[in-house]
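The structure appears below as structure tokens.
The values are calculated or read from the model by the stated rules, or taken from the named source; none is laboratory data. Being a predicted model, the structure only gives us computed values, none of them experimental. With ideal geometry, Cβ positions are generated from the backbone for all residues, glycine too; neighbour counts draw on all protein chains shown. All accessible areas refer to the heavy atoms of the entire protein, side chains included, with ligands and DNA or RNA removed. Shrake-Rupley method; radii C 1.70, N 1.55, O 1.52, S 1.80 Å.
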Amino acid sequence: MSEEKKKIIYSAMQPSGVPSLGNYIGALKNWKNLQDEYNCLFGVANMHAITVRQNPAELRQRTKDLVALFLAIGLDPEKHIIYVQSDVKAHAEIAWILNCFTYMGELNRMTQFKDKSAKHADNINAGLYTYPVLMAGDILLYQSDLVPVGADQKQHLEICRDIAGRFNGVYGDVFKIPDPYIPKVGARIMGLQNPERKMSKSESDNVNNVIYILDEPNVIRNKIKRAVTDSDTEVRYSEDKPGVSNLLNIYSAVTGKPIDEAAAEFKGCGYGEFKTGVGEAVVAELEPIQQRFKEYSSDKAYLEKVMKEGAEKASYIANKTLTKVKKKVGYPIYK
Ligand code: AQP
């Protein structure tokens, strides 16, 4: 298929912590596989990350580390665009315009805002509230056809489609209305200690709840050994066994084996043996990535080159859309 005919797919991740195994299984692992079929944009969403208070030096470092991790999992900056959101000014500009096309009633319904407000009750800022508008801008600037979305992001894509439709309704077809891309594999990974809630990279209260992509192999093994299961002994995938089912989801995702096959493999095993098997499978998947991460993150000059070139390529596309939008809303245009 020629490059021009390929659909555009937009994905981004916040540098709000070291990515978790949940981020890897639910997002990063799939992104790698999109590269043949689509023209991809892979963004480091650092403007989104500051909706929660960040340590500046850590945020800067994590931003570069996330670029290095994108490279380590095999994202290709030559064929696709890897960039840092704050390097493309168009994001901030379009967000303001789109704010003026978004209703407070719509934003009031966003469950992520409610969740994050509860989690950061001392800092319920306007950025947290208008987060979905910034995200709509990310997607719309690149005339994206598709956006990979987990269950937690569905509502944000819906509001993006509504905002784009509203704008187009007033000014004509300015934005492509994006569709959700539902990955073939990519379960929602839950916390190891609390399998009722999703695994999140920014969680800091209980390190054993989260596997970070860069955790040492032995740390990974130990975290999985300590994972909450139940008082039963049977390895079975079932709603009433959230801990065991989560480990089966993890095993299935990293090995590529269907859940049934994974469950059959551990039939009759005790939880100890099961957890060892899951731990080894996760280590086998992550260790080579960690090795490549070390190489990329120590090559500062190359990383900077990727970031600068990515920003240029992204800005070129984003500015085309932004110029159209500015014309439509009546901003002055200079030749
Ligand atoms: N537990 C998860 N299981 C599967 N997929 C997940 N994703 C996140 N957690 C899981 C997917 O990762 C992508 C990037 O997410 P993000 O960084 O933009 O923000 P998030 O969804 O809020 O991820 P976190 O880890 O929970 O970040 P914090 O802790 O900062 O809030 C998305 O595609 C998401 O679906």
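Under the Kirkwood approximation applied to all pairs of distinct alpha-carbon atoms, what is the hydrodynamic radius of segment 154-282 in Å? If you can, show how the numbers build up before the last one.
Details: mean 1/r = 0.0597 Å⁻¹.
Across segment 154-282, the inverse of the average 1/r is 16.8 Å.
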Q: Find which of L71, P242, A12 sits farthest along the positive direction of the dipole of the chain, computed with +1 on the beta-carbon of Lys and Arg, -1 on that of Asp and Glu, about the Cα centre.
A: A12
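Please compute the net charge surrounding R221, taking Lys and Arg as +1 and Asp and Glu as -1 over other residues with Cβ under 14 Å from its Cβ. All intermediate terms of the calculation are to be shown ahead of the outcome.
Values: positive: K223, K225, R226, K275; negative: D215, E216, E273, E280, E285, E287.
Combined, the nearby Lys, Arg, Asp and Glu give -2.
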**Q.** For the chain, built as a Gaussian network whose Cα springs stay under 10 Å, the top-fluctuating residue of D162, D76, D240
**A.** D240
Q. How large is ³J(HN,Hα) for each residue in segment 303-320, as worked out from phi by the Karplus curve 6.51 cos²θ - 1.76 cosθ + 1.60 (θ = phi - 60°), to whole Hz, x for Gly and Pro?
A. 4, 5, 4, 4, 5, 5, 5, x, 4, 5, 5, 5, 4, 4, 6, 4, 5, 4
Q: Please say if segment 41-179 is rounded, prolate or oblate, where rounded means a/c under 1.5 for a ≥ b ≥ c the square roots of the C-alpha gyration tensor eigenvalues, and otherwise the choice is prolate for a/b larger than b/c and oblate otherwise?
A: oblate
**Q.** Length gained when the stretch K257-E78 is fully extended (0.36 nm per residue, less Cα-Cα span)
**A.** 61.3 nm
Q) Ignoring ligands, DNA and RNA, how do Y296, Y103 rank by accessible area with a 1.4 Å probe, largest first? A) Y103, Y296
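How much accessible area per residue does the chain have, counting only protein heavy atoms and a probe of 1.4 Å, in square angstrom? Walk me through the numbers on the way to the answer.
Working: 16440 Å² over 335 residues.
Ligands and nucleic acids excluded, the figure is 49 Å² per residue.
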Q) Sorting W96, W31 by accessible area (1.4 Å probe), largest first, what list results? A) W96, W31
Q.
I'd like the projected area of segment 109-220, averaged over all directions, using the convex hull of its alpha carbons. Report it in nm² with one decimal.
A. 9.1
**Q.** Cβ-placed point charges (K, R +1; D, E -1), dipole of the chain about Cα centre in debye, nearest 20
**A.** 1080
**Q.** Hits among lysines - C-alpha to C-alpha of K119 under 22 Å, sequence gap 8 or more where chains match
**A.** K154, K198, K201
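Assuming 0.36 nm per residue, please report the length gained on full extension of the stretch A57 to I124 beyond their Cα-Cα distance.
Working: separation 67, 0.36 × 67 = 24.12 nm, distance 2.25 nm.
Full extension of this stretch gives 21.9 nm more.
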**Q.** From phi via Karplus (6.51, -1.76, 1.60), per-residue ³J(HN,Hα) for segment 269-274 in Hz, x at Gly/Pro
**A.** 7, x, 5, x, 5, 4
Q) Hey, what do the phi angles of segment 47-56 turn into as Karplus ³J(HN,Hα) couplings, whole Hz, using 6.51/-1.76/1.60 and θ = phi - 60°, x for Gly and Pro? A) 5, 5, 5, 7, 5, 10, 4, 10, 7, x
Q) Hey, what's the per residue convex hull volume over the C-alpha atoms of the chain, in cubic angstrom? A) 149
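Report, in listed order, any pair from K29/K176; K89/K257; K116/K328; K79/K300; K116/K257 with a Cα-Cα distance greater than 32 Å. Spell out each step's value before the answer.
On the way: K29/K176 26 Å; K89/K257 43 Å; K116/K328 34 Å; K79/K300 21 Å; K116/K257 34 Å.
Violating the 32 Å limit, Cα to Cα: K89/K257; K116/K328; K116/K257.
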Q. Percent antiparallel among DSSP beta bridges with both residues in the chain, to the nearest 5?
A. 10
